Amino acid sequence: MRELAQIFKALGDETRIKMLSLVIRYGELCVCDFEQGMGISQSKASRHLRCLANAGLLEDRREAVWVYYHLPLKPEAFHKGVAKLVEEALPQEELVELETRFKKWLKSKSCNARIPQRAAQKDK
């Protein structure tokens, strides 16, 4: 019951839903991607990402000073269902501004100049 409550709590914030949506769409992203791509502070991004990770919706990987977040490598069925619901339920028109800003950031970032594979395929 506690795990279920954590998942719903994590999904109870618009910023976290947007973050989860970006990870679903673009794959593994670092904290700086959320900071610059969403226009939020590093501490706010980290706090929201930690909440998603604590709920089992994201996993993290550390590389030097960077922390990268991705969908769980071995998600439980419920987590797969939540990710699918978020991906399908978010209206595209609500994400247009976020996607535009995020893609602009990904193209210009210096910490890792590549655009994630899924984003590159989506643009075609």
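The values are calculated or read from the model by the stated rules, or taken from the named source; none is laboratory data. Just so it is clear, the structure is predicted and the values come from calculations on it, not from any experiment. So basically every Cβ, Gly included, is an ideal-geometry build from the backbone, and we count neighbours across all protein chains shown.
For residue 20, the stated conditions do not hold, so it cannot be described as assigned to a loop (DSSP other than H, G, I, E, B), of a type in the set (A, V, I, L, M), crowded, with 19+ Cβ neighbours inside 10 Å and modelled with pLDDT under 95.
With respect to residue 5, determine if the residue is surrounded by fewer than 19 Cβ atoms within 10 Å (Cβ to Cβ), part of a helix (DSSP H, G or I) and touching a residue at least 12 places away in the same chain (Cβ under 8 Å).
no
Applying a threshold of 8 Å to beta carbon distances and a minimum spacing of six or more residues, or different chains, the list of pairs starting in the stretch 72-97 at a residue that is touching a residue at least 24 places away in the same chain (Cβ under 8 Å) and ending at one that is among the small types (Gly, Ala, Ser) and assigned to a helix (DSSP H, G or I) reads 86/21; 87/21; 90/21; 95/21. Taking the listed residues 36, 42, the one that is at negative phi and either among the basic types (Lys, Arg) or touching a residue at least 60 places away in the same chain (Cβ under 8 Å) (or both) is 36, with no other qualifying.
If you filter the stretch 77-92 down to residues that are of a type outside the set (Lys, Arg), exposed (fewer than 12 other Cβ atoms within 10 Å of the Cβ) and at pLDDT 80 or above, you find that the one that is farthest from the chain's Cα centre (by Cα) is 81.
One residue stands out among those in the stretch 8-17 that are in a loop (DSSP other than H, G, I, E, B) and touching a residue at least 12 places away in the same chain (Cβ under 8 Å): the one that is nearest to residue 80 (Cα to Cα), which is 11.
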